Amino acid sequence: MSFDIFCRVVDNFGDIGVCWRLARQLARLPPGREVRLWVDDLHSFGRIEPGVDPQAAQQSARGVDIVHWTQPAPVLRPHAVVIEAFACDPPAAFIEAMVRQDSLWINLEYLSAEGWVESCHTLPSAQHHGLRKHFFFPGFTPATGGLLREPGLLSERDEWLAQPGQRDALLGAIGVPGRQIERLRQGARQVFLFCYPDAPAQGLLDSLERQACPTLLIVPRGVYPGLQDRPGGRVHVHEMPFVDQAAFDRLLWSSDLNFVRGEDSLVRALWAGKPLVWQIYAQDANTHMIKLQAWLDRSPCRQTVHALMRDWNLGDPEAFALRMNEALEPGNWAQWQSDSAQWSDELAGYPDLAYSLVGFCTQRRRSG
């Protein structure tokens, strides 16, 4: 079985982040599978995968063939399975070729915790040319496609965390000053901030400044310009360069609290097993708040965290700062840590997305 994956970069890093992880995992699943990833924006791709040449029409990296999805698109024969990520619509000529060789067509949907997802997972939709497109939903229950998770990921995480020197080396590699690394060794808190520009980040800074525990606040370069240390304050803001996905995961693993956005970084923060705050992609009429609440309702987190998460997404710095202060009180913080580790382990007990996808495609090919 071989795969084409089509990806349009809409949210800078989230779409390509999901597709790149999926492509690499499919290529590694035994037996070795041929995987081709079509991407319209190689510049954004190159920021999370340094091995990608933004000028190359076709190239290979980490066992995956990469095609620059241009207009018109390169003429290539479709693979047995064609995955369009997030309803991005493959080129018309490519679809015609899919019809001729009866490719299996999958629409990989956005991640959602809403209840209706389970009833729609894997449903087919007949197309006018005779092919059927199957909707494949990632999700948080065994009745969905699951979440992207590489084999042995949580064991790898635990082994990495058991060697504190590896965190120090990683922080040094992204330019964190030695005195700040030393403060972490002495018990300072590490917070990772990856958010959209409308996040109430100043409210986060206000709250962290009020804590007895000093904080290293790590922010990817360009994500929230203008967030700076305050003279004599307890928080050191460090703007870091973009890194590849493996280093990104390790930053989440080693942080005490992770602020993440979109889909890919949410899932990776869940595998870190640490407290997290999710900024969901905003939609008209606050539809995203319904989706956020559905996710919170599935989580084991307590109402303190629910309120904090809602205020972070509503963008009120003062309200969020008050919620953050409450969540960081020792009893609430310990409960949040425990709930986060528990949910990570629970979700890891379900089949992962790539494994579920291969199983479904194998079944469909056999049954015709």
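Observations on the structure shown:
- Per-pair calculated FRET efficiency, R0 = 25 Å: residue 362 and residue 75 via Cβ, rounded to 0.05: 0.35
- Annotation: extensible slack from residue 1 through residue 60 equals 19.4 nm (criterion: 0.36 nm per residue apart, minus Cα-Cα distance).
- Förster radius 51 Å - calculated FRET efficiency between residue 132 and residue 244, Cβ distance, rounded to 0.05: 0.90
- Span from the region 321-355 Cα centroid across to the region 172-203 one, whole angstrom: 19
- Taking the protein heavy atoms of region 245-335 in the context of the full set of protein chains, the accessible area attributed to carbon and sulfur is 50 percent at 1.4 Å.
- Between residue 198 and residue 158, the distance separating the two model label sites (each 7 Å from Cα on the Cα→Cβ line) works out to 4.1 nm.
- For the chain, the relative contact order is 15 percent, taking Cα pairs closer than 8 Å that sit 6 or more residues apart in sequence and dividing their mean separation by the residue count.
- About the Cα centre, charge dipole magnitude for region 1-97 (Lys/Arg +1, Asp/Glu -1 at Cβ), debye: 400
- Distance between region 232-254 and region 1-47 - C-alpha centres, whole angstrom: 24
- Cβ-isolated cysteines (cut-off 4.7 Å), the chain: 88, 120, 195, 213, 301, 361
- Neighbours of residue 109 by Cβ distance under 12 Å: Lys/Arg scored +1, Asp/Glu scored -1, total -2.
- Classified by the C-alpha gyration tensor, region 230-359 has a rounded form. Its axis ratio a/c, with a ≥ b ≥ c, is below 1.5.
- FRET efficiency, 1/(1 + (r/R0)^6) with R0 45 Å, evaluated for residue 209 and residue 116 via beta carbons: 0.60
- Percent accessible area from carbon and sulfur atoms, region 1-118, protein chains only, probe 1.4 Å: 50
- Per residue, the solvent-accessible area of the chain (1.4 Å probe, heavy atoms of protein chains only, all protein chains present) comes to 42 Å².
- Cut-off under 5 Å, modelled amide H: who pairs with residue 237 long-range: 217, 229
The values are calculated or read from the model by the stated rules, or taken from the named source; none is laboratory data. Quantities reported herein were computed from a predicted structural model and do not represent experimental measurements. Because the Cβ atoms are built from the backbone with ideal geometry, glycine has one as well, and the counts that use them run over all protein chains shown. Calculation scope for accessible area: heavy atoms of the full protein, side chains included, ligands and nucleic acids excluded. Shrake-Rupley method; radii C 1.70, N 1.55, O 1.52, S 1.80 Å.
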